Amino acid sequence: MNKKILVFFIYNYNLKKWKNAGILEREVKYYENFINETNNHVTFLTYGNNSDKNLLPHNSKIKILNIFNKKQLFFPL
């Protein structure tokens, strides 16, 4: 059975801050490997905006939800 994992970012954090801190590639790689090995789904809930999606690799299977985009939060993960 596939599981859906929701990763909550701490207050005021987004993928841009991960990139600026130098940890974006490492963290994304960890979750992408997890997805590939388990066939589970991973969604990041961030304090960013729509540009967060542009920071992921083109073929990333990670979904992004932005806490400030209220319309987006009503869709299923």
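The values are calculated or read from the model by the stated rules, or taken from the named source; none is laboratory data. None of these values were measured; they are calculated from a predicted model. Reconstructed Cβ throughout: ideal geometry from the backbone, glycine too, with neighbour counts over all protein chains shown. Only protein heavy atoms, including side chains, enter the accessible area calculation; ligands, DNA and RNA are left aside. Shrake-Rupley method; radii C 1.70, N 1.55, O 1.52, S 1.80 Å.
For the reader, a short list of remarks on this structure follows.
- One chain, two ends: HIS58 and ILE5. Fully extended at 0.36 nm per residue, the span grows by 17.0 nm beyond their Cα-Cα distance.
- Taking every Cα-Cα distance in the chain and sorting them into 10 Å bins starting at zero, the pair-distance distribution P(r) comes out as 19, 55, 25, 1 percent.
- Relative contact order (percent, whole number), the chain, Cα cutoff 8 Å, 6+ residue spacing: 35 percent
- About the centre of its Cα atoms, the chain shows a dipole size close to 220 debye [charges on the beta carbon of Lys, Arg (+1) and Asp, Glu (-1) only; nearest 20 debye].
- Averaged over its residues, the chain has an accessible area of 75 Å² per residue, based on protein heavy atoms and a 1.4 Å probe.
- Surface share of carbon and sulfur [accessible, 1.4 angstrom probe, percent] for region 22-63: 46 percent
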